[in-house]
1. Of everything in the range 324-337 that's assigned to a helix (DSSP H, G or I) and open to solvent by less than 50 Å² (accessible area, probe 1.4 Å), which residue is modelled with the lowest pLDDT?
2. Only one of these conditions is not met by A250: (1) within 14 Å of I282 (Cα to Cα); (2) touching a residue at least 24 places away in the same chain (Cβ under 8 Å). Which number is it?
3. Looking at the range 205-244 only, could you name the residues that are open to solvent by less than 40 Å² (accessible area, probe 1.4 Å) and free of Cβ contacts under 8 Å to residues at least 60 places away in the same chain?
4. For the range 186-201, does any single residue satisfy the condition of being crowded, with 22+ Cβ neighbours inside 10 Å, small (G, A, S), out of contact with any Ser or Thr (no Cβ under 9 Å at 6 or more places or on another chain) and touching a residue at least 24 places away in the same chain (Cβ under 8 Å)?
5. Condition check: hydrophobic (A, V, I, L, M, F, W, C), touching a residue at least 60 places away in the same chain (Cβ under 8 Å) and not in a loop (DSSP other than H, G, I, E, B). Does V170 satisfy that?
6. Residue by residue through the range 101-153, note down the ones that are modelled with pLDDT under 90, among the aromatic types (F, W, Y), open to solvent by less than 60 Å² (accessible area, probe 1.4 Å) and under 30 Å from P174 (Cα atoms).
7. Condition first: closer than 13 Å to L84 by Cα and polar (S, T, N, Q). Can you find one or more residues in the range 158-165 that meet it?
8. Tell me the residue from A204, A245 that is under 18 Å from the mean Cα position of the chain (by Cα), part of a helix (DSSP H, G or I), under 17 Å from G96 (Cβ atoms) and not β-branched (V, I, T), please.
Amino acid sequence: MNTCTSASISKPRKNFYIATMALAIAIAALFIVSMTKGAASVSLVDVTNDMDIQTYNIIMYIRLPRTIAGLLSGAALAVSGLLLQTTLNNRLASPGIVGVNAGAGLFVVAAAILFPAVLQTKYLAAFAGALVTVLIIYAIARKTGATRVTLLLAGVAVGSLLSAFSDALVTLHPQVLPDKNAFFIGGFASVSSQSVMWAWPFIAFGLLIAVLLNRRLDVLALGDEMAASLGVRVELCRFLSILSAAALAAGAVSMAGLIGFVGLIVPNLVRMITPGGHRFTIPLAALLGAALVLFCDILARLLFIPYEIPVGILLSVIGAPFFIYILFKKKWSRSYD
């Protein structure tokens, strides 16, 4: 019996180590491709040896910030989705679907209108918008005792309303977002090193809280009463989880715009890879999210050279069928009734 128990416990850990190693190799390969491929290809020899000024500018001021932004945004959105799914007890929750990204986007647009000369306000505004939105969704769940389907629909409605406000503001003040299509669809074409510099602390803060909460999140998934009986301060744990999800979504939105579906796809894939607790799923979600977004960004650059499509389009093409798949998968859909 002890042998069977030991084997069952070690399986998630084994799957985690294998998946982590595979994703680390994939990210390293994608990093190299991202740095060398695009409208202007750069050989790996040019990157490692002395570069001319044009190649240096391409690598340091375009490719490197874009690559780092893709990795950070993917990791942030994936972990944010995982936290929201645990907090709201719904595997269909994600920053894009329940309106968290839309709230961050609205506040970014409002900050650009009110404080056009102060770039830093965009990042604080994105965090405030994401936090306010997820607190609204959580308050709806608490006050109404809503089912998980009702909660999801409420999130979609709130997100649609916030997106409408954003569209209205951009229509009235078109100068605040020169490339509004890229922002609302999501992409990395205009990412700068300054954007990465201001966004990464929010993402680091969110990831740190998520890692520190991993054991409490495992207990929280058992239900509020069980978690409270085991000594977990349920409301504090939920609030910190929401705070972390908001910081992660804010960092991603401030760099990449309203990228969708990463927070839906990745957490569900991670649970298929390893059914272990959050100490496994959080780092694995971060790695898989980073790899997915960077891979899609590379495709967005290379598919129609010399033209480029926003990465959000490719993620929607992948994410929408996956969303439908989850809805129709019987063993999950029963829990949403």
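1. If we filter the range 324-337 for residues that are assigned to a helix (DSSP H, G or I), which is where we start, we get 324-328, 330-336.
Cutting the leftovers down to open to solvent by less than 50 Å² (accessible area, probe 1.4 Å) gives us 326, 332-333, 335-336.
On the way: I326: 75, W332: 47, S333: 48, S335: 45, Y336: 42.
Taking the candidates together, the pick is Y336.
2. Here A250 clears every test but (1).
3. Of the range 205-244, the ones open to solvent by less than 40 Å² (accessible area, probe 1.4 Å) are 206, 209-210, 213-214, 217, 219-220, 223, 227, 232, 234, 237-238, 241-244.
Scanning the range 205-244 gives I209, V219, G223, A227, V232, V234, C237.
4. Yes - at least one qualifying residue is present in the range 186-201.
5. Details: hydrophobic (A, V, I, L, M, F, W, C): yes; touching a residue at least 60 places away in the same chain (Cβ under 8 Å): yes; not in a loop (DSSP other than H, G, I, E, B): yes.
Against the criterion (hydrophobic (A, V, I, L, M, F, W, C), touching a residue at least 60 places away in the same chain (Cβ under 8 Å) and not in a loop (DSSP other than H, G, I, E, B)), V170 qualifies.
6. Y123
7. In the first step, residues of the range 158-165 are kept if they are closer than 13 Å to L84 by Cα; the result is none.
Looking for residues that are closer than 13 Å to L84 by Cα and polar (S, T, N, Q), one finds none in the range 158-165, hence no.
8. Numbers: A204 fails: under 17 Å from G96 (Cβ atoms).
Checking each option against the conditions leaves just A245.
The values are calculated or read from the model by the stated rules, or taken from the named source; none is laboratory data. These figures come from a predicted structure and were not determined experimentally. We place every Cβ from the backbone using ideal geometry, glycine too, and count neighbours over all the protein chains shown. When the accessible area is computed, the model is the full protein with side chains, heavy atoms only, and any ligands, DNA or RNA have been set aside. Shrake-Rupley method; radii C 1.70, N 1.55, O 1.52, S 1.80 Å.
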